[in-house]
Amino acid sequence: MSTDLPAGLTAGTYTIDASHSEAGFTARHAMVSKVRGRFGAVAGTLVFADDAASSRAETTIDVASIDTSDEGRDAHLRSADFFDVESYPTITFRSTGVRAEGEEHRLDGELTIKDVTRPITLAVEFNGAATDPFGNARVGFSGETELNRKDFGLTWNAALETGGVLVSDKIKVHVEVSAIKAA
């Protein structure tokens with residue numbers, strides 16, 4: 001099935017602007033609150049074809065760039081208990097397809113964390129296109145999904161005396177991407 005590109009988005013190769021993009025997450029902590037974090041170092045390429053269904057994306061995240069606003073927690077997340085940054089320094093995403101569901105768009109792909117690759121689907125929103133003050137053709141997207149961290153080998157946890165666990169298995173993931181069209 002053919003899918004047109006959203007109005008304002010032109011075919012071509014775009015490079016993710018790391019200083020204006022991020023991958024973030026939300027996890028429930030101690031069963032009573034939510035902790036948010038982000039990875040500040042996101043790189044990659046988006047290739048848009050005239051037929052949107054033929055478009056693709058590849059991204060790499062530097063796991064050491066994790067930031068939850070608590071250096072002790074960040075160090076624990078970088079450790080072998082969680083991401084094991086020394087052995088697995090990057091998270092990657094490679095798209096496998098783009099599809100429209102009514103007015104919504106879905107980006108299917110393969111997410112790899114700690115050498116475990118699983119399919120995921122991001123609900124994607126095109127935020128628009130503009131020419132920035134430096135003459136760059138720029139586009140923006142938001143995306144979100146939910147995953148089970150244990151599916152990717154992130155299994156560390158601690159039981160609470162009152163029942164439940166310290167860290168939820170369910171993680172909400174969100175991405176904000178700004179990308180610049182290659183000349």
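Selection of segment 71-105 for residues being exposed (fewer than 15 other Cβ atoms within 10 Å of the Cβ) and in contact with a Gly (Cβ under 9 Å, 6 or more places away or on another chain) yields Thr96, Gly97. Close Cβ contacts (under 7 Å, 6 or more residues apart or on different chains) running from residues in segment 18-46 that are acidic (Asp, Glu) to residues that are in a loop (DSSP other than H, G, I, E, B) comprise Glu22/Gly40. Within segment 79-98, track down each residue that is in contact with a His (Cβ under 7 Å, 6 or more places away or on another chain) and either under 19 Å from Ala49 (Cβ atoms) or free of Cβ contacts under 8 Å to residues at least 60 places away in the same chain (or both). Within segment 79-98, just Val98 meets the criteria. Looking at segment 23-48 only, could you name the residues that are part of a strand (DSSP E or B), out of contact with any Leu (no Cβ under 8 Å at 6 or more places or on another chain) and of a type in the set (A, V, I, L, M, F, W, C)? Ala23, Phe25, Ala27, Val35, Phe39, Val42, Ala43, Leu46, Val47 - these are the residues of segment 23-48 that are part of a strand (DSSP E or B), out of contact with any Leu (no Cβ under 8 Å at 6 or more places or on another chain) and of a type in the set (A, V, I, L, M, F, W, C). If the condition is being part of a strand (DSSP E or B) and more than 9 Å from Phe152 (Cβ to Cβ), then segment 102-116 contributes Glu104, His105, Arg106, Leu107, Asp108, Gly109, Glu110. Residue count for segment 62-90 satisfying the condition of being closer than 17 Å to Asp151 by Cα and touching a Leu at 6+ places or on another chain (Cβ under 7 Å): 2.
In segment 113-128, which residue that is touching a helix residue (DSSP H, G or I) at 6+ places or on another chain (Cβ under 7 Å) and aliphatic (A, V, I, L, M) is nearest to Val173 (Cα to Cα)?
Going through segment 113-128, the residues touching a helix residue (DSSP H, G or I) at 6+ places or on another chain (Cβ under 7 Å) turn out to be 113-114, 116, 118.
Imposing the further condition that a residue be aliphatic (A, V, I, L, M) reduces the set to 113, 116.
Numbers: Ile113: 13, Val116: 17 Å.
Within segment 113-128, the match that is nearest to Val173 (Cα to Cα) is Ile113.
Check Asp74, Asp81 and return the single one that is of a type outside the set (A, V, I, L, M, F, W, C) and not in a loop (DSSP other than H, G, I, E, B). Don't jump to the end; show me each part of the working.
On the way: Asp81 fails: not in a loop (DSSP other than H, G, I, E, B).
Of the residues listed, the single one that is of a type outside the set (A, V, I, L, M, F, W, C) and not in a loop (DSSP other than H, G, I, E, B) is Asp74.
Quick note: the coordinates plus some simple rules give every number you see, no bench work behind them. Worth saying up front: this structure is predicted, and the values here are computed from it rather than measured. Positions of Cβ are generated from backbone atoms using ideal geometry, with glycine treated the same way; all protein chains shown enter the neighbour counts.
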